[in-house]
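Before any comments, here is the structure.
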């Protein structure tokens, strides 16, 4: 699913001042080879009937190296700000420093289905990897306020469909893919993305971020340094008695991509910068919000492959930026993360889900400045 953004659909279109130079699509897909696809499931209305709906959920799929790169490693690292969440495959990622399969993001109770779907799709796409072991990376956030989360509506074929749909180009945001049923700062949230062009000496790289934004209390919301939630949005219907969890709870899965050549430890350092971008939008990190972040570099393809069989006769080599040169890359992660949150909020529209639960779209007044 793809959408060329009409005017007013993103934070920049509302005049929100944001630092840094975005790429052509201002999306994670500005990083060469990275592709993203969605499956969005919206069905039914009214009272919750477990197994029947209402359904407000989906799957987001990210191909780090495109279809041709399935089974080929790229350097990667992850960081957990708060472990009240899940990112499968993270132990092997930490051990090997390599990511070789697509990434899936969905709701909390559908991780298993998406895990199976990512694996099935990967083996179908590249049969040569069938004899190896695989540990797909799947993240989650909770959409039970709007969605029949225990109804098993996400199935493996939905993950496969999201992967089949993955392409480069501008991305739809808001209530799409795994972000369909999510809330952010007690407004309708979901999927958001942004990118930055980075110059390190004479070299130019791209950093892209994609978030599944499902976190934050209304009073915390900050836009371009302005305390919007506290000073301008006191009416807070989602923090009344019908809200099913403490204010601020939810979770955030963040994925950072770059074509800058990095070591796995440097990718981990990028992932550690995502919370700084989230903090710019106001969150203080609720105990009930699982916030887990993954970063990967598309350079050095295959250098971290774990081959089965006799040890190779040659040494593997990896190029990387000196640690002291990474500050512009760190800055880009923080900037793109902040904008990704705001893009998710701006793109999402009011949604009514199970039992009439309502998640309001952010009002235009919150984006009106003065800046």
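Every number here is computed from the coordinates shown, using simple stated rules; none is lab data. Quantities reported herein were computed from a predicted structural model and do not represent experimental measurements. Here Cβ is always computed from backbone atoms with ideal geometry, including for glycine, and neighbour counts include all displayed protein chains.
What is the range 265-371 by shape, rounded, prolate or oblate, if you read a ≥ b ≥ c off the alpha carbon gyration tensor as root eigenvalues and call it rounded for a/c under 1.5, prolate for a/b larger than b/c, and oblate otherwise?
Numbers: a/c = 3.19, a/b = 2.00, b/c = 1.59.
Prolate is the answer for the range 265-371, as a/c is 1.5 or above and a/b outweighs b/c.
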- Message: How would the chain be classified by its alpha-carbon gyration tensor: rounded, prolate or oblate, with rounded meaning a/c under 1.5 and the a/b versus b/c comparison settling the rest?
- Response: oblate
- Query: Once every DSSP H run of n ≥ 4 in the chain is given -39500 (n - 2.57) and the sum is divided by its residues, what mean residue ellipticity at 222 nm do you get, rounded to the nearest 500 deg cm²/dmol?
  - Reply: -6000 deg cm²/dmol
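Nearest-5 percent of antiparallel DSSP beta bridges in the range 70-205? Working shown, then result.
Details: 9 of 14 bridges.
For the range 70-205, the DSSP antiparallel bridge percentage is about 65.
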- Degrees separating the helix 264-280 axis from the principal Cα axis of the chain, which is the longest one: 10
- Note on the structure: When the chain is treated as a Gaussian network with springs between alpha carbons less than 10 Å apart, the largest mean-square fluctuation among 295, 162, 245 is found at 245
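What is the calculated FRET efficiency for residue 86 to residue 202, with r their C-beta to C-beta distance and R₀ = 41 Å, to the nearest 0.05? Walk me through the numbers before you get to the answer.
Values: r = 41 Å, r/R0 = 1.01.
Calculated value: 0.50.
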- Task: Working from Cα positions, state the angle (0 to 90°, nearest 10) between the long axis of helix 327-347 and the longest principal axis of the chain.
- Result: 40
- Query: What angle do you read, to the nearest 10 degrees and between 0 and 90, between the alpha-carbon axis of helix 111-125 and the longest principal axis of the chain?
  - Reply: 40
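Go through 49-61, 114-126 and give me the packing order, highest mean Cβ count within 10 Å leading. Working shown, then result.
On the way: 49-61: 23.2, 114-126: 21.3.
By packing density, highest mean first, the sequence is 49-61, 114-126.
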- Rounded to the nearest whole number, the Stokes-Einstein translational diffusion coefficient of the range 43-138 at 20 °C and 1.002 mPa s (Kirkwood radius, C-alpha pairs) in µm²/s is 144
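Whole number please: convex hull volume per residue, Cα atoms of the range 122-276, in Å³. Mind showing how you got there, number by number?
Details: hull volume 26.1 nm³, N = 155.
Enclosed volume per residue, from the Cα hull, is 168 Å³.
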- Query: In what sequence, highest mean first, do 335-343, 9-17, 216-224 appear when ranked by Cβ atoms within 10 angstrom?
  - Reply: 335-343, 216-224, 9-17
- Using alpha-carbon pairs under 8 Å, 6+ residues apart, how would you state the relative contact order of the range 1-80 in percent? 23
- Task: Assign one of three labels to the range 98-203, namely rounded, prolate or oblate, based on the Cα gyration tensor with a ≥ b ≥ c the square roots of its eigenvalues; rounded applies when a/c is under 1.5, prolate when it is not and a/b is larger than b/c, and oblate otherwise.
- Result: oblate
